[in-house]
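The values are calculated or read from the model by the stated rules, or taken from the named source; none is laboratory data. Everything quoted here is computed from the prediction, not taken from an experiment. Every residue, glycine among them, receives a Cβ derived from its backbone with ideal geometry; neighbour counts consider all protein chains shown. Side chains included, ligands, DNA and RNA excluded: accessible areas come from the protein's heavy atoms. Shrake-Rupley method; radii C 1.70, N 1.55, O 1.52, S 1.80 Å.
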Amino acid sequence: MYLVLLGPPGAGKGTQATALSRDYGLAHISTGDMLRSAVRDGTQLGKEARDYMDRGALVPDELVTAMMRERLQRDDAKKGFILDGFPRNVAQAEQLDAILEELDQPLELVVNLQVPEAELIRRMTGRRVCPGCGESYHLVFNPPKSLGICDQCGEDLIQRDDDKEATVRARLEVYGRENAPLVDYYNATGLLVNVDGRGTVDQVYERIRGEVK
Ligand code: AMP
C-alpha cells in the first residue's frame, strides 16, 4: 500500500502514521522527523534547513525532494509506505509522481485529515517532547506523571521551537496557502478521501482504517 497523509500541522498525522505503519507493515516516512534529525546531526542538509524550520517556513523543494528521492528507493519503502508531511505543495506532488513513476509504485490513497484551526493551536502549543528519548506529551491530553519531567527517562521536557505559538500560526498560514491546490491536485486523480480528524486518536484511526481497503 502506497499512501499519503495530508493535513495541517497538529492534525495528528504522525500519531496516525505510526499506528498505520505498525498495523499494515508500512514504512513511516516523515519529512519533518528526517529534517529534525538532520538538524540534530549537524549535516549539510540540516544546516540549510534549520532556519526555515525555526520560522515555520517550508524548506526549499529541491532539498526536500532530493531527500525523499533517496529515501523512497530504500528496500523498506518498496514494500509499502505512508508519507507524513510530504508533499506540502503541488510542485512536490509532481516531483513525487515522477519519482514513483520511475520506481513503478503509483500512489494508491491520499487521506486528507481535517481539523479546525482553534483545535490545532490548542493541540500544538500544549505539546512537549523529551530531548533524551523522543517521547512526546501534551499538557492537557497526555500529561507526564510529574510536571515537566519525562516518565521514561527523567529528563526535563522541552517545547519544540516550532510548537511555540507565533511559529504555529506561521505554519498554519503556510498550510492554508499551499494545501488547497494540493487537495485539488489529488481530487483530480480520484485518490483523495477526506477524514474528520476531530476526536480521540482511536476514533480518528478507525475512520482512516475504514478508507484503507
Ligand atoms: P512537520 O513536523 O511535518 O510539521 O515539519 C516541521 C517543519 O519541517 C516544517 O514546518 C517545515 O519547515 C519542514 N518540512 C517538513 N516537511 C516539509 C516538506 N515536505 N517541504 C518543506 N518543508 C518541510
Next on the checklist: Out of Cys133, Cys150, I need the residue that is farther than 23 Å from Asp61 by Cα, open to solvent by less than 20 Å² (accessible area, probe 1.4 Å) and more than 18 Å from the chain's Cα centre (by Cα). Which one?
Outcome noted: Cys150
Item to check | Test for Gly85: is it crowded, with 17+ Cβ neighbours inside 10 Å, in contact with a Phe, Trp or Tyr (Cβ under 8 Å, 6 or more places away or on another chain) and under 28 Å from Ile158 (Cα atoms) | outcome: no
Checklist entry - Going through segment 44-65 one residue at a time, which ones are farther than 15 Å from Pro9 by Cα, more than 6 Å from the ligand (Cβ to nearest atom) and of a type outside the set (Lys, Arg)? => result Gln44, Leu45, Gly46, Glu48, Ala49, Asp51, Pro60, Asp61, Glu62, Leu63, Thr65
Next on the checklist: If Leu83 meets every condition in (1) in a helix (DSSP H, G or I); (2) under 21 Å from Glu108 (Cα atoms); (3) aliphatic (A, V, I, L, M); (4) within 10 Å of the ligand (Cβ to nearest atom) apart from one, which number is that one?
Outcome noted: (1)
Checklist outcome for this item: The lone condition Tyr52 fails out of (1) surrounded by 14 or more Cβ atoms within 10 Å (Cβ to Cβ); (2) in contact (Cβ under 8 Å) with a residue 12 or more places away in the chain is (2)
Checklist outcome for this item: Scanning segment 137-181 residue by residue, the ones that are within 15 Å of the ligand (Cβ to nearest atom) and either in a helix (DSSP H, G or I) or modelled with pLDDT under 90 (or both) total 20
Item to check | Restricting segment 66-75 to residues that are within 12 Å of the ligand (Cβ to nearest atom) and without any contact (Cβ under 8 Å) to a residue 40 or more places away in the chain, the residue that is most open to solvent (accessible area, probe 1.4 Å) | outcome: Ala66
Checklist entry - Right, Leu20: of a type outside the set (Ser, Thr, Tyr), surrounded by 19 or more Cβ atoms within 10 Å (Cβ to Cβ), in a strand (DSSP E or B) and touching a residue at least 60 places away in the same chain (Cβ under 8 Å) or not? => result no
Checklist outcome for this item: Over segment 182-213, the set of residues in a helix (DSSP H, G or I) and closer than 26 Å to Arg22 by Cβ is Tyr186, Val201, Asp202, Gln203, Val204, Tyr205, Glu206, Arg207, Ile208, Arg209, Gly210, Glu211
